[in-house]
1. Please determine, by comparing only the residues of segment 69-101 that are among the hydroxyl-bearing types (Ser, Thr, Tyr) and in contact with a helix residue (DSSP H, G or I) (Cβ under 7 Å, 6 or more places away or on another chain), which one is farthest from GLY116 (Cα to Cα).
2. Checking ALA197 against (1) at pLDDT 95 or above; (2) surrounded by 15 or more Cβ atoms within 10 Å (Cβ to Cβ): exactly one of these is not met. Which one?
3. All but one of (1) without any contact (Cβ under 8 Å) to a residue 40 or more places away in the chain; (2) on the phi < 0 side of the Ramachandran plot hold for GLY142; state the number of the condition that does not hold.
4. Among the residues of segment 149-182, write down those that are open to solvent by 50 Å² or more (accessible area, probe 1.4 Å), out of contact with any Asp or Glu (no Cβ under 9 Å at 6 or more places or on another chain) and in a helix (DSSP H, G or I).
5. Any residue in segment 22-35 that is under 17 Å from ARG58 (Cβ atoms) sitting within a Cβ distance under 6 Å of a residue that is assigned to a helix (DSSP H, G or I) and open to solvent by 10 Å² or more (accessible area, probe 1.4 Å)? List the pairs, counting only those 6 or more apart or interchain.
6. Hey, does segment 56-68 have a residue that's within 26 Å of LEU118 (Cβ to Cβ) and modelled with pLDDT under 95?
7. Could you list all residues from segment 77-122 that are surrounded by fewer than 15 Cβ atoms within 10 Å (Cβ to Cβ) and either within 23 Å of HIS140 (Cα to Cα) or of a type in the set (Phe, Trp, Tyr) (or both)?
Amino acid sequence: MDALVMCGGAGTRLDRGEKPLVSVGDEPMLARVLGALEASRTEAVVAATSPRTPETTRWLEDRDGVAVIETAGEGYVADLTSALEHVGRPVLTVAADLPLLDRGIVDRTIEAYGSGALTVCVPAALKRQLGVSVDSTRRHGGRELAATGLNVVGADEAETVRVSYDARLAVNVNRPHDAVVAGALAGAAGTEVNANADGS
């Protein structure tokens, strides 16, 4: 399965320049995400940038093995829709603001995929426990969940929700304090609260 990394957002809430290049643990978040994907079972990696992230586009030009496509920068959903026209399905989609992603998480997500769409979520309570921002939630199976930015998009829209209790998936870096938490977890041992996920 190929991977599509979304890295065209303006990062205005973080206010530290282009978000994909913000460092966590002395390494740009995008480099951390690409490292996880390249070590995983993914077959090819495509990065979707936009006019909002010209430095990220230039940074990617020096990275071997990553194809780059440019979207219009009209927002995550619009850019994802545009980027999906250039890749096959199913495809693993990853937000560039998931700096604690690792090979095991990626491989477990690919193994869990059946058909349709797979949305990986974490309990909103886990994000609050970690002290990271919770921007939007949904109710599913009686639980309040938050999307992680890790999904599989298939040929049809039938959705499976997979719930993970892994702290590394709960940390999307959208605001300055999120970056602080991510940096602390990146430098700590045992950041995996619970790697077991139950799909429902």
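1. Pass one, segment 69-101, residues among the hydroxyl-bearing types (Ser, Thr, Tyr): 71, 76, 81-82, 93.
After this cut, where a residue has to be in contact with a helix residue (DSSP H, G or I) (Cβ under 7 Å, 6 or more places away or on another chain) as well, the list is 71, 93.
Details: THR71: 24, THR93: 13 Å.
If we take residues in segment 69-101 being among the hydroxyl-bearing types (Ser, Thr, Tyr) and in contact with a helix residue (DSSP H, G or I) (Cβ under 7 Å, 6 or more places away or on another chain), then THR71 is farthest from GLY116 (Cα to Cα).
2. Result: ALA197 fails condition (1) only.
3. Condition not satisfied by GLY142: (2).
4. HIS177, VAL180
5. Cβ pairs passing all conditions: PRO28/LEU21.
6. Yes.
7. Those that are surrounded by fewer than 15 Cβ atoms within 10 Å (Cβ to Cβ) and either within 23 Å of HIS140 (Cα to Cα) or of a type in the set (Phe, Trp, Tyr) (or both): VAL77, GLU111, GLY114, SER115.
Here is a yes/no grid of residues against (1) among the aliphatic types (A, V, I, L, M); (2) outside any strand (DSSP E or B):
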{"position": "PRO99", "(1), (2)": "no, yes"}
{"position": "THR109", "(1), (2)": "no, yes"}
{"position": "GLY114", "(1), (2)": "no, yes"}
{"position": "CYS121", "(1), (2)": "no, no"}
{"position": "LEU126", "(1), (2)": "yes, yes"}
{"position": "VAL132", "(1), (2)": "yes, yes"}
{"position": "SER136", "(1), (2)": "no, yes"}
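The values are calculated or read from the model by the stated rules, or taken from the named source; none is laboratory data. This structure is a prediction, so every number in the text was calculated from the model and none was measured. With ideal geometry, Cβ positions are generated from the backbone for all residues, glycine too; neighbour counts draw on all protein chains shown. The accessibility values were calculated without ligands, DNA or RNA, using every heavy atom of the protein model including side chains. Shrake-Rupley method; radii C 1.70, N 1.55, O 1.52, S 1.80 Å.
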